[in-house]
Amino acid sequence: MSRASTRWCSARPTTTPSSTVANNPDPSASRPGGASDLATEFASPRLYERSDVYHAETTDQLAALTERQLELIGEDPAREGLLKTPERVAKAWQFLTHGYGLDPEAILRSALFAEDYSQMVLVKDIEVYSLCEHHALPFFGKAHVAYIPNGHIVGLSKIPRVVDVFARRLQVQERLTLQIRDAIDAVLKPEGVAVVIEAQHLCMMMRGAEKQNSHTTTSAMSGVFLDQPDTRAEFMRLISG
């Protein structure tokens, strides 16, 4: 199934003595050192190139289902304001779930670099938009992702891209947090990974409990972030600043 994919843009990272911290990293920033064999082997210019081409058969089927839904809630799909709604909804569903068609580990492998840097690398305030799998309503917020390199670093823009790959699916926030951590762990094999997501869930804000000011925070850590309290404390301090 063809799905829409996304290109990310950003600002350049800033550096602290013990950490590299980036808010919305620059996808065009070059990194010192040579690319590893893995990076060369898995590089692909089409991994995350934006496309607004949708699968015609999928669009038609989703549009027909949407039209039926409109009828079931008492609406008239033939009225002027709803004539193109089924097609728009069908395309929106394909875009909002295009993460199923992307490989997060391949994205990370496309920009691996051999580097002796051994301090924390943190990309913070990554915007997250996803759909709750229980009600198909959005949840949104920010992700903070850090790792301690172990011989290799990854292009900074690849971290928010991996976040988006997993977010653009039907999700629960807890699993989303774990999947981001596990993908980075599997490819970089770093000394440790830390992921924190802070989000608001419309399924709890506009229905159900109707708590409009509620926020949910989840975390997933590995390696030194679990074993060394000082490293974990530095991470928490940096994302709170």
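Any read-out appearing in this document is the output of simple, stated calculations on the displayed coordinates, not a laboratory observation. Values in this document were obtained by computation on a predicted structure and should not be read as measured data. Using ideal geometry, Cβ is built from the backbone for each residue, glycine included, and neighbour counts are taken over all protein chains shown.
Quick notes on this one:
- Peptide packing: for 139-148, 185-194, the average count of neighbouring Cβ atoms within 10 Å per residue gives the ranking 139-148, 185-194, highest mean first.
- The alpha-carbon of Lys142 sits under 27 angstrom from the alpha-carbons of these lysines, leaving out residues fewer than 8 places away in its chain: Lys91, Lys124, Lys158, Lys189, Lys211.
- Cβ-placed point charges (K, R +1; D, E -1), dipole of the stretch 70-133 about Cα centre in debye, nearest 20: 160
- Applying 0.36 nm per residue to the separation of Ala78 and Asp125 and subtracting their alpha-carbon distance, the gain on full extension is 12.6 nm.
- Model label points for Arg207 and Gln69, set 7 angstrom from Cα along the Cα-to-Cβ axis, are 1.0 nm apart.
- Full extension of the segment from Asp60 to Ser214, taken as 0.36 nm per residue of separation minus the current Cα-Cα distance, would add 51.7 nm.
- Approximate shape of the stretch 56-96 as ellipsoid semi-axes (Cα gyration tensor, √5λ), whole Å, largest first: 18, 10, 8
- Computed over the stretch 56-96, relative contact order equals 52 percent, with contacts defined as Cα pairs under 8 Å that lie 6+ residues apart.
- P(r), alpha carbons of the stretch 48-169 - 10 Å bins starting at zero, rounded %: 11, 31, 28, 16, 9, 4, 0
- Mean Cα-pair separation over length for the stretch 174-233, i.e. relative contact order, pairs under 8 Å, 6 or more apart, %: 36
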